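Participant: Please see the structure below; I have some questions.
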Amino acid sequence: MSQSGQRRMGGQPLFILDEDTQRTHGKDAQSSNIAAGKAVSESVRTTLGPRGMDKMLVSDSGDVVITNDGATILEEMDIEHPAAQMIVEVAQTQEDEVGDGTTTASVLTGQLLAKAEDLLDDDVHATTIVEGYSQAAELAQEAIDEEVLDDELDDEILEKVAESSMTGKGTGDVAAHALAETVVEAVRHADSDDGIVRDNIVVRTQTGSSSSATDLIEGVVIEEEPVHENMPRSVQDAAIGVVDADLEVRESNIDAEYNVSSVDQLNAAIEAEESELQGYAEDLVDTGVDVVFVTGDVDDRVAAHLAKAGVVAFDSVGDDDVQAIVNATDANRVGSVDTLEDEDIGAADDVSVEKYGDDDLTFVTGGATAESVTVFARGGTEHVTDELERALNDALDVVTAALDKGGVVPGAGATEIAVADYVRSETAGIEGRKQLAVEAFADALDVLPRTLAENTGMDPIDALVDLRSLHEQEGRAGIISEGQTGVIDDPVDYGVLDPAAVKREAVESATEAATMIARIDDVISAS
């Protein structure tokens with residue numbers, strides 16, 4: 001037991017904590033937490049930017065994930081240290097709020113911690129650091145607002161935002177432009193008077209072709225096939241029904257035993273069962289539906305009756321897929337077939353089942369409301385499609401954020417250089433040791449362009465000097481990946497743009513996490 005686990009009273013030890021409890025306090029606790037946070041941050045730093053490297057993550061069961069997405073890397077890592085888990089939470093918050101910039105937020109958090117550690121070593125109190133960082137974060141937000149471009153967010157600008165997000169994420173530089181066009185088209189389709197309904201855009205992946213074969217489907221794609229082989233595989237001008245029930249013989253909720261003493265009784269039971277099942281099919285046919293999606297099971301005999309009537313049925317359809325179908329076709333979910341009314345029936349221009357390798361996919365397109373759209377992404381292997389799906393979701397999120405949350409700013413590290421310069425310029429008006437924390441915050445921001453330079457193959461110190469010089473002269477400077485290395489120039493001229501919301505959220509979440517960790521001076525761990 002550590003000495004902190006007991007206190008002496010009248011010469012006798014008074015036990016406060018369990019004897020197996022471990023306690024770390026003071027500078028030891030601060031150093032331990034900061035070291036853990038920096039270690040996690042460093043693990044994703046090399047993935048930043050268009051020339052960032054990928055990580056291969058292998059689970060205990062042998063599952064492999066290959067990605068350079070910060071949130072995915074940190075989520076897949078088995079992290080136990082509580083302070084390090086806060087960095088994971090930063091990435092998750094960034095992902096949930098704006099969908100991209102997870103690596104930026106994580107790297108910035110780690111550098112803020114590193115700068116805080118230097119200040120603590122110089123006897124700057126943790127509370128002073130927290131106050132300084134908080135004031136610097138407010139200044140940073142002001143600077144980000146100043147960097148927002150005045151240009152109208154037309155399709156060309158939004159395509160550049162999407163392409164900047166996807167570059168270096170396994171999409172290929174050639175395919176990235178075509179994918180960006182698809183992303184913007186999908187977002188525009190989901191735009192309404194109430195804003196963009198992001199949930200109405202779904203990414204569905206399928207192996208067997210290159211990413212250039214990715215297409216936008218105005219409707220829904222689900223991995224389902226008809227319940228009977230004799231059902232049609234294509235229906236035009238389809239009337240759509242959605243049923244939340246099992247289309248099979250109802251079972252009693254209580255345990256019961258029936259004695260059958262004659263053939264007539266057995267035949268009567270069979271006929272009653274058959275009548276019930278046929279009733280399901282007849283009720284559906286009478287409503288005029290051509291296609292029915294059922295969340296429960298469909299009995300083979302019901303499927304046979306429906307096939308004979310030319311009705312296509314799908315069973316065990318997942319809740320997310322059902323909701324997407326409802327959004328696309330304007331159908332209403334009903335609890336039983338006998339409650340299905342005309343106003344519950346949706347419509348679609350086409351429902352077709354197509355085969356891709358060993359998989360059957362069903363396309364529901366041209367719905368009555370067609371609120372849902374699907375980005376049907378293709379890739380050569382499962383690892384490629386998985387990474388492509390992550391890249392497309394990030395691109396969809398950043399385009400949505402640009403439209404809904406305050407415009408776009410220059411990318412390629414230019415905004416970070418501008419923000420750091422602004423924060424430094426304001427330090428002269430800050431009194432006391434808090435000024436040191438504000439300056440440290442500005443220095444921490446430099447880690448992002450410096451990391452971009454390293455990952456691009458440039459000398460990070462020379463690049464940082466040149467960035468500051470060009471920013472001073474021209475007002476904007478970033479690191480553009482070109483050929484085998486990079487150039488320092490205006491990123492707007494190269495179409496490298498990021499949503500302002502990504503920068504705002506990264507600064508906010510990184511500052512909150514770093515200050516929370518820096519304030520901890522006592523760690524008490526139960527056995």
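The values are calculated or read from the model by the stated rules, or taken from the named source; none is laboratory data. Everything numeric in this text was worked out from a predicted model, so none of it was measured. Virtual Cβ from ideal backbone geometry, glycine too; neighbours counted across all protein chains shown. Remember, those area values only see protein heavy atoms, side chains included, never the ligands or the DNA or RNA. Shrake-Rupley method; radii C 1.70, N 1.55, O 1.52, S 1.80 Å.
Participant: Considering only residues that are of a type in the set (S, T, N, Q) and in a strand (DSSP E or B), look in the stretch 221-244 and name the one that is least open to solvent (accessible area, probe 1.4 Å).
Facilitator: SER234
Participant: Could I ask something else about it? So which of THR427, THR415 ends up being β-branched (Val, Ile, Thr) and more than 12 Å from LEU139 (Cα to Cα)?
Facilitator: That would be THR415, the only listed residue that is β-branched (Val, Ile, Thr) and more than 12 Å from LEU139 (Cα to Cα).
Participant: So THR67 passes all but one of these: (1) touching a residue at least 60 places away in the same chain (Cβ under 8 Å); (2) over 16 Å from ASN393 (Cβ atoms); (3) not aromatic (Phe, Trp, Tyr). Which condition number does it fail?
Facilitator: With (1) touching a residue at least 60 places away in the same chain (Cβ under 8 Å); (2) over 16 Å from ASN393 (Cβ atoms); (3) not aromatic (Phe, Trp, Tyr) applied to THR67, the lone miss is (2).
Participant: Right, next: What is the residue count in the stretch 66-92 for residues that are in a helix (DSSP H, G or I), under 18 Å from SER165 (Cβ atoms) and of a type in the set (Val, Ile, Thr)?
Facilitator: Qualifying residue count for the region: 2.
Participant: Can you spot a residue in the stretch 404-421 that is of a type in the set (Asp, Glu), in a helix (DSSP H, G or I) and closer than 29 Å to ALA186 by Cα?
Facilitator: Yes, the stretch 404-421 contains at least one residue that is of a type in the set (Asp, Glu), in a helix (DSSP H, G or I) and closer than 29 Å to ALA186 by Cα.
Participant: Turning to a different aspect of this structure: Can you find, within the stretch 66-85, the residue that is surrounded by the fewest Cβ atoms within 10 Å (Cβ to Cβ) among those that are within 24 Å of VAL384 (Cβ to Cβ) and among the aliphatic types (A, V, I, L, M)?
Facilitator: If we take residues in the stretch 66-85 being within 24 Å of VAL384 (Cβ to Cβ) and among the aliphatic types (A, V, I, L, M), then MET77 is surrounded by the fewest Cβ atoms within 10 Å (Cβ to Cβ).
Participant: Separate question: Suppose we keep only residues that are over 15 Å from the mean Cα position of the chain (by Cα) and farther than 22 Å from VAL408 by Cα within the stretch 86-113. Which one would you say is surrounded by the fewest Cβ atoms within 10 Å (Cβ to Cβ)?
Facilitator: For the stretch 86-113, the residue satisfying everything is MET86.
Participant: When you go through ASP360, ASP349, ASP338 one by one, which is the residue that is modelled with pLDDT under 85 and either in a helix (DSSP H, G or I) or among the charged types (D, E, K, R) (or both)?
Facilitator: ASP338
Participant: Filter the stretch 31-65 down to residues that are open to solvent by less than 60 Å² (accessible area, probe 1.4 Å), of a type in the set (A, V, I, L, M) and not in a helix (DSSP H, G or I) and give me whichever is farthest from ASP123 (Cα to Cα).
Facilitator: VAL64
Participant: Scan the stretch 272-286 and tell me whether some residue there is closer than 17 Å to GLU224 by Cα and open to solvent by less than 10 Å² (accessible area, probe 1.4 Å).
Facilitator: no
Participant: Let me ask something additional. Being part of a helix (DSSP H, G or I) and either polar (S, T, N, Q) or surrounded by fewer than 17 Cβ atoms within 10 Å (Cβ to Cβ) (or both) is the filter; apply it to the stretch 422-432 and report the residue that is modelled with the highest pLDDT.
Facilitator: It comes out as SER425.
Participant: Restricting attention to the stretch 298-321, which residues are within 10 Å of PRO226 (Cα to Cα) and surrounded by fewer than 21 Cβ atoms within 10 Å (Cβ to Cβ)?
Facilitator: Scanning the stretch 298-321 gives a single hit, ALA307.
Participant: In the stretch 119-137, what count of residues is obtained for those that are modelled with pLDDT of 90 or more and either surrounded by 24 or more Cβ atoms within 10 Å (Cβ to Cβ) or closer than 30 Å to HIS177 by Cβ (or both)?
Facilitator: Number satisfying all stated conditions: 3.
Participant: Determine the pairs where a residue that is open to solvent by 40 Å² or more (accessible area, probe 1.4 Å), located within the stretch 200-220, has a partner that is among the aromatic types (Phe, Trp, Tyr) with Cβ atoms under 7 Å apart, the partner being 6 or more residues away or on another chain.
Facilitator: ARG204/PHE376; GLY208/TYR356; ASP215/PHE376
Participant: Return a yes/no flag: does the stretch 153-168 have any residue that is over 21 Å from LEU403 (Cα atoms) and not in a helix (DSSP H, G or I).
Facilitator: Yes; the residues of the stretch 153-168 include at least one that is over 21 Å from LEU403 (Cα atoms) and not in a helix (DSSP H, G or I).
Participant: Right, another one. List pairs: first residue in the stretch 348-366 and in contact (Cβ under 8 Å) with a residue 40 or more places away in the chain and polar (S, T, N, Q), second residue assigned to a strand (DSSP E or B) and exposed (fewer than 15 other Cβ atoms within 10 Å of the Cβ) anywhere in the structure, Cβ distance under 9 angstrom, at least six positions apart or on different chains.
Facilitator: Every condition considered, the pairs that remain are SER352/SER234; SER352/GLN236; THR362/GLU354.
Participant: Shifting gears a bit: Is one or more of the residues making up the stretch 366-375 of a type outside the set (Lys, Arg), modelled with pLDDT of 85 or more, part of a helix (DSSP H, G or I) and farther than 24 Å from MET56 by Cα?
Facilitator: Taking every residue of the stretch 366-375 in turn, none turns out to be of a type outside the set (Lys, Arg), modelled with pLDDT of 85 or more, part of a helix (DSSP H, G or I) and farther than 24 Å from MET56 by Cα.
Participant: Checking the condition hydrophobic (A, V, I, L, M, F, W, C) and either under 24 Å from the mean Cα position of the chain (by Cα) or open to solvent by 10 Å² or more (accessible area, probe 1.4 Å) (or both), which residue from ALA116, ALA140, ALA176 passes?
Facilitator: The conditions single out ALA176.
Participant: Just one of the numbered conditions (1) farther than 30 Å from VAL65 by Cα; (2) touching a Leu at 6+ places or on another chain (Cβ under 6 Å); (3) surrounded by fewer than 19 Cβ atoms within 10 Å (Cβ to Cβ); (4) not aromatic (Phe, Trp, Tyr) is not true of GLU343; which one?
Facilitator: Tallying (1) farther than 30 Å from VAL65 by Cα; (2) touching a Leu at 6+ places or on another chain (Cβ under 6 Å); (3) surrounded by fewer than 19 Cβ atoms within 10 Å (Cβ to Cβ); (4) not aromatic (Phe, Trp, Tyr), GLU343 fails exactly one: (2).
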